[in-house]
Structure formats: C-alpha cells, structure tokens
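Undergrad: Below are the structure tokens for one structure; questions will follow.
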Amino acid sequence: MDCPVCKKGMVVLELNKVEIDHCVHCRGIWLDSGELQLLLGHKKDETIEAFASAGRVKEKPRKCPMCLKKMDKVLCGHPVAVMIDKCRKNHGLWFDKDELGKIIEEEGAGKSGEISVLLKDIFRESRE
Amino acid sequence: MWELIAANKRKSLIIFIAMGICLLTLGYCVGMAWLGPDAGFFGVLIAFGVWVVLSLISYFAGDSILLYTSNAQAVTHDIHPQLFNIVEEMKIAASLPVMPRIYIIDDPSPNAFATGRDPQHSSIAVTSGLLSGLNRDELQGVVAHEMSHILNRDISYLTFAGVMLGSIAMISQIFLRGSRFGGCSSRRYRSGGSGCGQAQLIIFIIAIVFAILAPILARIFYFALSRKREYLADASGARLTRYPSGLASALEKIGFSNIKLSSTNNITAPMYIVNPLQADGYSGIFSTHPPIQDRIKILRGMAGGASYLDYSKAFSAVKGGSGGIIPSAALSDSASVPIRDAGVEKEAPKDPKDKTRETIDLLRAVNNYAFLTCACGLKIKFPKNFAQNEFICPRCGRKHEVPSSNNVLAAAVASAIPAKPVTATAYGVSPQVYARKNVGWESFNCSGCGALLQLSPAFIGTSLACHSCGKEIKIR
Amino acid sequence: MMTMMGLILLVLVVFLLFVLSSVASIYNILVGLRNQVKNAWAQIDVQLKRRHDLIPNLVETAKGYVKHERETLENITKARSAAMGAQGVADRSKAEGSLSDAMSKFFVVVENYPDLKANQNFLALQEELTSTENKISFARQAYNDQVLGYNNKIQMFPSNIFAGMFNFRQEQFFQVENADERQAPKVSF
C-alpha cells in the first residue's frame, strides 16, 4: 500500500499479531479496518462511531490508500482530542506524524486505549 | 468417467441447442424489425457472427480474462506447498494429463473456481478466505469438486453457454436501446422508406417482446445447465477423494460465511463452487447453483461408499424421485468404492488472529514482500516498491539492512507453513534464512538474539541452530 | 445394367470404408486406454520413488531431536532400503507396506517431541510425506479406475470382437494384501 501523503510504499509493522502500515518518509501510520477489528474486537464499531467530526478545518484532505477517496477529519480520544483522518467507507484510519505523537503522549486515552498502547509499544524508540 | 463425459455431452447439447435457437430467433426478429421483412436471415447471420467472435475470444483468452478480472495470482509449490500438493493429489486421482495452474485471489470470502478450455489448459483459483478457513480434507474436497468440473468438460460448456447468454443479452440490449425512440423512426436507414406499415409494426412489436424474453429464457437454460453440473461435480469430487465429508464440511463453512465476494457478476457466478451472489437457501429456476443445504445433506447421506451409485441413492433420499442426476451409464461402473478415514487429526484450535496473519502474509509473499523480524519482536514487512536500503526499528532502534529479493521466496515458504508456537523461550517467528554467497568464510547475525554466527567453507548442512539462543537458521 | 453394378460397387466400397474406419477408431480407443493404464501404473512408481527420496531428509532432520528413538529411525531406513531393492510386484508391495508401517510408528513417536514438531524443516517434510502417501493411494485408485474402464471396453460389444483379434488382454486390478493398507496409512502427527 502506498502512503496517502508521499505516495511511496509503506512498510508493514506487526506486533502482538496486529499490523500497522508505516511510511518512513513522513512517519505517518495507517490502521486498517481489519486490524482495528483484531485490536478492538466487538468494541471496534462503537469506538469508531464515537469519533466526532472535526467539521471544516484547514488541513488538506487526504485520500484513503485503499479506495483513493477523500477521507473525513475526525476527532479521536479525550481529554485531549487529536484530529485524524478516517475513510468514509471505513477502510481505516490515518495518523500524521504529529497526530501519532499526541496519541502516544496522551496517557490513558479513553476509548482509543488499545490503539494508543499498541502505537506506544511499536514506536518506543522513535519518540522525538 | 468416460460414460459420464459422453452422457454429459448429450444432455448439455440439448440445452445448448435450445440456447442457440434463442439466439438465432432473436437475430431473425431484430433483423426483420430493423432492416425489413426480408432481412431476417441477415440478422441471423449477424447474431451468429457475434457469437462466433465472442466464443473464439473466450476459447483462447477466456481463462486469462477471468483470472485477470478476479485479480488472481499464480502460486507455485514454494509459495503454498499444501495447496499445490492437494491439487497434485487430485490431478493424480483424476488421471488428468497435465497439472492445472493454481491461483490465489485476495478475498476474505471463501470460494473457488476452475477455468480453462480443456483438461490440457486448465486453472484452479481459490480465495485467500478459503485457504485460511478450511483444513486439509476440506480443501481437498473443494479442489476435487473443481477438478471434476475440468474432467467432466464443464468449463468449456459453461464458457460457450455463458458467451451465448452474453451475446443474447448484448443483442437485445442494443436493440431495445436503439428502438427506444419509437418503432418506425429507425426505418430511416432503409432505402426508399415507405412510411410505417401495419405489418412492419407487428414485426417490430414481436421483436421487442422477444428481445425482452430471449435473455430470460437463455438465463433459465444456462442456469439449468449449471445446476445439473454442480451435483455431478459434487458426486465426482466425492468419488475422487473417497471422502464425501470433506466436501460437505467445506460447503458448510463456505455456506455459513457471510462475507461477500467482491469481484463477480452474473456470468461468472456459475463458475464458483458456491454461487457468490445468491442469498442463502433460495433456489429456483434463476439459481446457478443447487441449494447448498441439499448438497451438504446428499454428501452427508452417502453412508455406504463414495461411488456414483451411493451419491445417486443419497440424492433420491434428499430430493425424492429416482435421482437421475447421474447418467445411468455411470452407475454401472461402480464396484464398491469404500470411504476412507479422515486424513487430518484434530488440529489444535487456532487463534483466529494467527489464521488471519498467516493468510495475509501468504498474499504478501505472492506479491514479493520481504520479511524481517527484529530482535525486539517487531515483524517488519517490506513492499517491493520500498525505496530505502536501511531501516531503523522504531521499537528498539536497531538498524537493519532491508532484505534483498533473493530472501523473498524463502521467507514466503516459511510463512506458508502453518506457524506453530515455538518453545516458550524462542520467538514465535518464522525461521531466519541465510543465503550463502560461497565466498569462503561467511558471517551473519542471528535474527533472534543478534549473536554473530560463522559458516566455514566446508559447511554442507541445510540448517543450524544459533549457539546462543538456539533459534533455527536455514542455510541455502 | 452397368450403372446398377456401379451403384452396388459404390455402396460396397462405402460400406467397407465405414467398417474399416470404425475398426480403426475402436483400435485407437483401445490403444489409448491401454496407454492410460500403463501411465497410471507408472504414476504409482513415481510416487513411491518420491517417498524413498524424502525419507533420508526426514531421518536427517529428526536425528538430532529424537535421540531415544534411534531404533525407530533405523527401522525406517532399513525398510526403505528393502523397498528399494525389492523385485517383483508382490515383494515390492509387501516391502512398501512395511515401510508405511515403520513410518506411521515414527509419526506416533513424534508426538512426544514438541521441539521436533515445531521445526519448520520438519513441518515442511511432514506435509510432503503426508501428501506423498496420499498421492500413492490416489495413484493406485486412479490405476484401478483406468483398468476398470479398459476392461469394460474390452468386454463390451462391438469392441470385444476386435480386442480379441488384436490381442488386447484384460488387466489386473491393484490389490493390497491386508485391508488396513487399503487406505493411505494413517499418519498421525
């Protein structure tokens, strides 16, 4: 799969039987819907539904790497909401580098807890 | 088998001719309606021409087109030894002259189809969902069913009939669209147009009615052909494997799966082992496949043996009537055909996560991904368009060389073998593979613990164990 | 009168041609079937040979893990040499039978060696051997299917007349001595 920002091939990182796609250039990550299912189990749908739309924002819309359609900007996690991209057809979620950083910094990130724990573990050494 | 093929040919020929009559009548009507009452035979000629051209295309390129549109990828023994072996087993059982080509389709919905113009040029395609969902015996049952389609020459019949259905649909579509703006307007193409006569109008109406009816009729014929052959392929499949339960439980799993196959349409649907478009249980004259519950019941009902006679008996028990699904000539050939035992012992129940990982990795292997496992336990998979030569593990900071393409195949083999948990201390990862460069002493690092390992020029083994962590390393 | 004779002659010639061509086609069918029977028999040999080739790898891989089962491994090696040296159909089928036995014993023993069962090399070999066992039994089954078709053709009218004339003899079915071996030897892992 190609990075929606740089259009270059992303590496796949697998930990605890869950995979993420990672772009080494822009350091963003893609979380596929099937992987979210593995990670969150039956909580997957409600977790994703809970993301509030970010409304109109300045950030450039990104295209889903699977269906190549524009993705929505949504707010995930609390108390500090992080704005991420979500595919309208629910193919997955995209985190830019700094969004990823915020998710990792944020302790006990509510309903997105599992995601945060996994990402924190995978990017243990690359926090800047 | 020979009687079966011959009987098959006769029965299918009747349906086939009926479809042909549909096509030619349609051509006649359209010709008359568009070009005048004396141009009927010209229409027939055109309709026949369309069918011949499309048939030639599908005869020589049909399988490649189908495989291409389903996004099927060829696999070899190295990529999926089990699937390859199962196909070879069935090839031997069916005395097929050549090995069919084997393809995998990246689709979580479990299904399979066979294609090709004759037993010398055949292909079997299975979805990744089928591979991850079925055990060896079930997979064997499905492959046997597909092999029977090849053996009974079902594919070529379905292809030609499918093309005929396609031609009929195409001609009637063109005609109906072309005639949308009123009957006689199209007569302006005629020389010496003489207004809209009464007779011409009637012909026109008849043509429109037939253009609507023909595709429906053809579809009914086509699906009748397809349904009959599904039962027959089940029967032959059970006889080839001598193990009807394998196919039965595979059909159960496929039938209960609620994932939809993404790339199918009405014409290709009959090619699959279970109709990917059909809702559960529904079966009528518009179904390409018999109801899956009936197929399972019949296979489960084959108590005495795996011969055609046993299938026929079970068929009558389930569906009533005298059977008649197996041509009577084939029933005589069955000396007792005993059912064999299950081949696979109870498998350790697998974590669904493991199965998913395995299948996805297999598809990556087919797509030339390179695999690497960092000492910290993070697995890294590089796509073939990955541009860099080095990669720093984001988890532990170790620097890795991106594996070169010659490791790809070996890694693929490793991932295709069911990953069973290694001992508690070792990492549950695929074995490291080191490709020898044959330049005297060679050294490399263990991917499990990072220890330096050396190979002497005299080393001739195919594997070794790391001296510090005991991880197995394959040497090529 | 001449035209009448000519007509009769023509009919006779056409009839003769028809008979000749049907005899030729029956002959060709019989030859085709006999070749298929031969091929099917050769296929059994191919698979038996493949099993012989795989066994040294298996023994080599297992040696390091199953130190207490030296005897079991030696039995396999012995049975393999015996099977490779055996002459004649009866002897060979007996020798191959005892090789199958030796191997099923080994695969029962393997249960006690989790390390061996986790070895990727062994797993790959295990799949190959299971499949080869299957292929052997499917090849035997296919051979019998072919023999059945061939024998039926020889007995049926009108091919039975020409089968006798051109010396096509019925073939023997493959029989396994004991009923246990009729199925592929059950390999339990």
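The values are calculated or read from the model by the stated rules, or taken from the named source; none is laboratory data. Note that the structure is predicted; figures quoted are calculated from it, not measured. When we count neighbours, we look across all protein chains shown, and the Cβ atoms used for this are built from the backbone with ideal geometry, even at glycine.
Undergrad: If only one of A:59, A:19, A:46 is of a type in the set (Asp, Glu) and within 14 Å of chain B (Cβ to nearest Cβ), which one is it? Break it down stepwise before answering.
TA: Numbers: A:59 fails: within 14 Å of chain B (Cβ to nearest Cβ); A:46 fails: within 14 Å of chain B (Cβ to nearest Cβ).
When all the criteria are applied, what remains is A:19.
Undergrad: Here is a list: C:48, C:33. Which entry is closer than 30 Å to residue C:163 by Cα and within 20 Å of the chain's Cα centre (by Cα)? I'd like the intermediate steps shown before the answer.
TA: On the way: C:48 fails: closer than 30 Å to residue C:163 by Cα.
Criteria check complete, one pass: C:33.
So that you can scan it fast, the table gives a plain yes or no per residue for (1) modelled with pLDDT of 90 or more; (2) within 13 Å of chain B (Cβ to nearest Cβ):
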| position | (1), (2) |
| --- | --- |
| C:9 | yes, no |
| C:16 | yes, no |
| C:36 | no, yes |
| C:40 | no, yes |
| C:43 | no, yes |
| C:63 | no, yes |
| C:77 | yes, no |
| C:85 | no, no |
| C:88 | no, no |
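Undergrad: Continuing with this model, one more query. Somewhere in the stretch B:39-47, is a residue of a type in the set (A, V, I, L, M) and under 27 Å from residue B:149 (Cα atoms)? So that I can check it myself, show each step before the final result.
TA: First, pick out the residues of the stretch B:39-47 that are of a type in the set (A, V, I, L, M): B:39, B:44-47.
From the residues that got through so far, the ones that are under 27 Å from residue B:149 (Cα atoms) too are none.
No.
Undergrad: Restricting attention to the stretch B:80-87, does a residue exist that is within 21 Å of residue B:159 (Cα to Cα), within 18 Å of the chain's Cα centre (by Cα) and within 14 Å of chain C (Cβ to nearest Cβ)? I'd like the intermediate steps shown before the answer.
TA: Looking only at the stretch B:80-87, we keep the residues that are within 21 Å of residue B:159 (Cα to Cα), and these are none.
Within the stretch B:80-87, not a single residue is within 21 Å of residue B:159 (Cα to Cα), within 18 Å of the chain's Cα centre (by Cα) and within 14 Å of chain C (Cβ to nearest Cβ).
Undergrad: When the stretch C:125-137 is examined, which residues are found to be more than 7 Å from chain B (Cβ to nearest Cβ) and without any contact (Cβ under 8 Å) to a residue 60 or more places away in the chain?
TA: C:130, C:137
Undergrad: List the pairs whose first member sits in the stretch A:25-39 and is on the phi < 0 side of the Ramachandran plot, whose second member is surrounded by fewer than 19 Cβ atoms within 10 Å (Cβ to Cβ) and among the small types (Gly, Ala, Ser), and whose Cβ atoms are under 9 Å apart, counting only residues at least 6 apart or on separate chains?
TA: From the stretch A:25-39, the pairs are A:25/B:387.
Undergrad: Return only the number of the condition from (1) under 29 Å from the mean Cα position of the chain (by Cα); (2) modelled with pLDDT under 80 that residue B:100 does not satisfy.
TA: Status for residue B:100: all satisfied but (2).
Undergrad: While we're here: Looking at the stretch A:22-43, which of its residues are more than 12 Å from chain B (Cβ to nearest Cβ) and farther than 12 Å from residue A:118 by Cβ? Step through it out loud before you land on a result.
TA: The initial filter retains those residues of the stretch A:22-43 that are more than 12 Å from chain B (Cβ to nearest Cβ), namely A:26, A:28, A:30-31, A:36, A:40, A:42-43.
Correct list: A:26, A:28, A:30, A:42, A:43.
Undergrad: So for the stretch A:30-39 (the condition being more than 14 Å from the chain's Cα centre (by Cα) and assigned to a loop (DSSP other than H, G, I, E, B)), does at least one residue qualify?
TA: Going residue by residue through the stretch A:30-39, those that are more than 14 Å from the chain's Cα centre (by Cα) are A:38.
Those still in the list that are assigned to a loop (DSSP other than H, G, I, E, B) too: none.
There is no residue in the stretch A:30-39 that is more than 14 Å from the chain's Cα centre (by Cα) and assigned to a loop (DSSP other than H, G, I, E, B).
Undergrad: Okay, moving on. Answer yes or no as to whether residue B:120 is out of contact with any Lys or Arg (no Cβ under 8 Å at 6 or more places or on another chain) and farther than 16 Å from residue B:87 by Cβ. Quick ask: steps written out before the conclusion?
TA: Details: out of contact with any Lys or Arg (no Cβ under 8 Å at 6 or more places or on another chain): yes; farther than 16 Å from residue B:87 by Cβ: no.
Considered against the rule, which asks whether it is out of contact with any Lys or Arg (no Cβ under 8 Å at 6 or more places or on another chain) and farther than 16 Å from residue B:87 by Cβ, residue B:120 comes out as no.
Undergrad: Here's something else I'd like to know. Which one is nearest to the chain's Cα centre (by Cα), of the residues in the stretch C:138-163 that are facing another protein chain (nearest Cβ under 8 Å) and over 30 Å from residue C:19 (Cβ atoms)?
TA: Checking each candidate, the answer is C:139.
Undergrad: Quick check, is residue C:111 surrounded by fewer than 17 Cβ atoms within 10 Å (Cβ to Cβ) and in contact (Cβ under 8 Å) with a residue 24 or more places away in the chain? Walk me through it before giving the result.
TA: Working: surrounded by fewer than 17 Cβ atoms within 10 Å (Cβ to Cβ): yes; in contact (Cβ under 8 Å) with a residue 24 or more places away in the chain: yes.
In short, yes.
Undergrad: Do we have residue C:52 as more than 11 Å from chain B (Cβ to nearest Cβ) and touching a helix residue (DSSP H, G or I) at 6+ places or on another chain (Cβ under 6 Å) here?
TA: yes
Undergrad: Which of the residues belonging to the stretch A:49-94 are part of a loop (DSSP other than H, G, I, E, B) and either among the small types (Gly, Ala, Ser) or in contact with a Ser or Thr (Cβ under 7 Å, 6 or more places away or on another chain) (or both)?
TA: The first filter runs over the stretch A:49-94 and keeps only residues part of a loop (DSSP other than H, G, I, E, B), leaving A:50-51, A:54-62, A:64-69, A:77-81, A:88-91.
Those that are part of a loop (DSSP other than H, G, I, E, B) and either among the small types (Gly, Ala, Ser) or in contact with a Ser or Thr (Cβ under 7 Å, 6 or more places away or on another chain) (or both): A:50, A:54, A:55, A:77, A:81, A:90, A:91.
Undergrad: Among the residues of the stretch A:110-120, is any at pLDDT 75 or above and surrounded by fewer than 16 Cβ atoms within 10 Å (Cβ to Cβ)?
TA: Within the stretch A:110-120, one or more residues are at pLDDT 75 or above and surrounded by fewer than 16 Cβ atoms within 10 Å (Cβ to Cβ).
Undergrad: Looking at the stretch B:63-73, can you tell me whether even one residue there is more than 18 Å from the chain's Cα centre (by Cα) and buried (at least 16 other Cβ atoms within 10 Å of the Cβ)? First the steps, then the outcome.
TA: If we filter the stretch B:63-73 for residues that are more than 18 Å from the chain's Cα centre (by Cα), which is where we start, we get none.
No.
Yes/no matrix, rows are residues, columns are (1) surrounded by 12 or more Cβ atoms within 10 Å (Cβ to Cβ); (2) under 30 Å from residue B:464 (Cβ atoms); (3) touching a strand residue (DSSP E or B) at 6+ places or on another chain (Cβ under 8 Å):
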residue: C:13; (1), (2), (3): no, no, no
residue: C:23; (1), (2), (3): yes, no, no
residue: C:29; (1), (2), (3): yes, no, no
residue: C:34; (1), (2), (3): yes, no, no
residue: C:52; (1), (2), (3): yes, yes, no
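Undergrad: For residue A:6, are the conditions met, namely being farther than 19 Å from residue A:115 by Cβ, exposed (fewer than 15 other Cβ atoms within 10 Å of the Cβ) and at pLDDT 85 or above?
TA: Details: farther than 19 Å from residue A:115 by Cβ: yes; exposed (fewer than 15 other Cβ atoms within 10 Å of the Cβ): yes; at pLDDT 85 or above: yes.
The answer is yes for residue A:6.
Undergrad: Please determine, by comparing only the residues of the stretch B:71-96 that are of a type in the set (Asp, Glu) and either touching an Asp or Glu at 6+ places or on another chain (Cβ under 9 Å) or modelled with pLDDT of 85 or more (or both), which one is nearest to residue C:136 (Cα to Cα).
TA: Filtering the stretch B:71-96 for residues of a type in the set (Asp, Glu) gives B:78, B:88-89.
Among the residues that remain, those that are also either touching an Asp or Glu at 6+ places or on another chain (Cβ under 9 Å) or modelled with pLDDT of 85 or more (or both) are: B:88-89.
Values: B:88: 11, B:89: 9 Å.
Only one residue fits best here, namely B:89.
Undergrad: Against the definition (modelled with pLDDT of 80 or more and facing another protein chain (nearest Cβ under 10 Å)), how does residue B:379 come out, yes or no? Please lay out each step first, then the result.
TA: Details: modelled with pLDDT of 80 or more: yes; facing another protein chain (nearest Cβ under 10 Å): yes.
Yes.
Undergrad: Same structure again: Is it the case that some residue within the stretch C:113-124 is touching a Leu at 6+ places or on another chain (Cβ under 9 Å), away from chain B (no Cβ under 14 Å) and among the aromatic types (Phe, Trp, Tyr)?
TA: No, the stretch C:113-124 contains no residue that is touching a Leu at 6+ places or on another chain (Cβ under 9 Å), away from chain B (no Cβ under 14 Å) and among the aromatic types (Phe, Trp, Tyr).
Undergrad: Go through the stretch A:56-71 residue by residue and tally those that are loosely packed, with under 15 Cβ neighbours inside 10 Å and in contact (Cβ under 8 Å) with a residue 12 or more places away in the chain. Spell out the reasoning first.
TA: Kept after step one, since they are loosely packed, with under 15 Cβ neighbours inside 10 Å, are these residues of the stretch A:56-71: A:56-61, A:67-70.
After this cut, where a residue has to be in contact (Cβ under 8 Å) with a residue 12 or more places away in the chain as well, the list is A:57, A:59, A:61, A:67, A:69-70.
Qualifying residue count, the stretch A:56-71: 6.
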